Amino acid sequence: MPANVLFAAKPERWDQYRDVLPRAFEKAGLDVDLRLDFAPEEVDYIIYAPNSELQDFTPYTRLKAVMNIWAGVEAITHNETLKAPLTRMVDFGLRQGMVEWVTGHTLRHHLGMDAHIVNPEKRWEPTPPPLARDRRVTVLGIGELGLACAEALAQLGFDVAGWSRRQKSHEDITCYSGADGLKDALKRSDIVILLLPLTPETENTLDAEALALMPRGSFVINPGRGPLIDDGALLAALDAGHIAHATLDVFRREPLPGDHPYWTHPSVTVTPHIASETRAETCAEVLAENIRRGEAGAPFLHVVDRAAGY
Ligand code: NAP
């Protein structure tokens, strides 16, 4: 009997996944009936995006797993109608996209590119940047994405630190954890990159007190989630010149409202939540592997710890 797989994401996503998923299922040797619609009690797996219309899982009585196609799960972890295991997306495409976006924006600030890309006054002021080894970069959140970014930056020669909930060790990265660890990490940061999940513990990680610990003239790069930053505190730190520039990909409200001060602030770069997109081709392989595991009675990959919130 085939496994019944419901695709529950925005309709425009279906166009990207409708051909790719069956190919991945076939490659994994799976017998799958993939559809946009089923009687709920017949569904074995749900391929899911939290902005789907499906929010009540109660009628899905034989569900084996809900497989989120996003890395972030803050919009579903608290859904009490969901009793089945919840997995999140960890895949090559997401990781690689994030590494490229983060290294690109880090290098922009490190090299001071803006001064030369737009220079209508034809200023000729040669101020070569320091070598990467003299630039201290800290990645807050060294999980799947943050660690890949931290390792890529270390490979480029940056002096890299990372902060996580549980203490880690890494031969190329100085590792911090806990509240005191955050303070130490921020004090040594010329560039701070936020790749934390949004949980009650991580909201407003960069508040006024945290920003004040960063050295004057440092940079903030946020591809994590908007509420990780206290926006008012960041704007005040930018206005005071304490933070030189913030590059922000994620916001409390998306799309970022037209009248938000970030749009016009000279020291803010807004990108429209593009740091890393789930790519159907690479994500389909992970989804197929998890269905294969479910059918074989093996543990799922990338299960969300719903108590921790990520
Ligand atoms: P992950 O593998 O779950 O890693 C999360 C990291 O944050 C871990 O190192 C974790 O610590 C740390 N952390 C969690 N709570 C913490 C706390 N209270 N204090 C200190 N550290 C804490 O997540 P991921 O796959 O790397 O993704 C990270 C986030 O990136 C996602 O949640 C999502 O919000 C965002 N994202 C954005 C985009 C975009 O396009 N902008 C795309 C994809 C993802 P431990 O290692 O100790 O668990």
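Quick note: the coordinates plus some simple rules give every number you see, no bench work behind them. If you're wondering where the values come from, they're calculated on a predicted model, not measured in any experiment. Ideal geometry is used to build each Cβ from the backbone, glycine not excepted, and the neighbour counts take in all protein chains shown.
Things to note:
- With the highest mean first, a sort of the peptides 113-121, 273-281, 140-148 on other beta-carbon atoms found within 10 angstrom per residue produces 140-148, 273-281, 113-121.
- Sparse-neighbour loop sites [chymotrypsin sites (Phe, Trp or Tyr not before Pro); region 108-182; at most 12 other C-beta within 10 Å; DSSP]: W124
- In terms of surrounding Cβ atoms within a 10 Å radius of their Cβ, E285, E201 rank from fewest to most as E201, E285.
- Exposure proxy order (Cβ contacts within 10 Å, fewest to most) of F251, F300: F300, F251
- Taking every C-alpha pair closer than 8 Å and separated by at least 6 residues, the mean separation divided by the residue count of the chain gives a relative contact order of 18 percent.
- Spin-label model distance (nm) - E80 vs D19, 7 Å beyond Cα toward Cβ: 4.5 nm
- Cβ crowding within 10 Å averaged over residues, with 252-265, 95-108, 31-44 ranked highest first: 95-108, 31-44, 252-265
- Measuring between their Cα centroids, region 273-288 and region 134-149 lie 21 Å from each other.
- For A3, the residues whose modelled amide H falls within less than 5 Å of its own, excluding neighbours fewer than 5 places apart on the same chain, are D31, V32, D33.
- The base-10 log of I(q)/I(0) for the chain, evaluated at q = 0.07, 0.11 Å⁻¹, reads -0.32, -0.73 [Debye formula, identical scatterers on Cα atoms, solvent excluded].
- Using C-alpha pairs under 8 Å with a sequence gap of at least 6, the mean separation divided by the residue count of region 94-270 gives a relative contact order of 16 percent.
- Calculated FRET efficiency for the pair L156/D305, C-beta based, R₀ 25 Å, to 0.05: 0.20
- Label-point gap, in nm, between A212 and R253 - each point 7 angstrom along Cα→Cβ: 2.9 nm
- Rounded to the nearest 0.05, the FRET efficiency derived from the C-beta distance between N204 and L54 at R0 = 30 Å is 0.50.
- Ordering 190-196, 164-170, 211-217 by mean Cβ neighbour count within 10 Å, with the highest value first, yields 190-196, 211-217, 164-170.
- When the Cα positions of H109, P255, A233 are compared along the charge dipole of region 94-270, H109 comes out farthest toward the positive end, with charges on each C-beta of Lys, Arg, Asp and Glu.
- Counting 0.36 nm for each residue step from E12 to I274 and taking away their Cα separation leaves a gain of 92.6 nm.
- Karplus (6.51, -1.76, 1.60) ³J(HN,Hα), θ = phi - 60°, over region 196-204, in Hz, Gly and Pro reported as x: 8, x, 8, 9, x, 6, 9, 4, 6
- Fewest-first ranking of Y17, Y48, using other Cβ atoms within 10 Å as the exposure measure: Y17, Y48
- Note on D31 and R166: their simple-model spin labels are 3.9 nm apart, each label 7 Å out from Cα toward Cβ.
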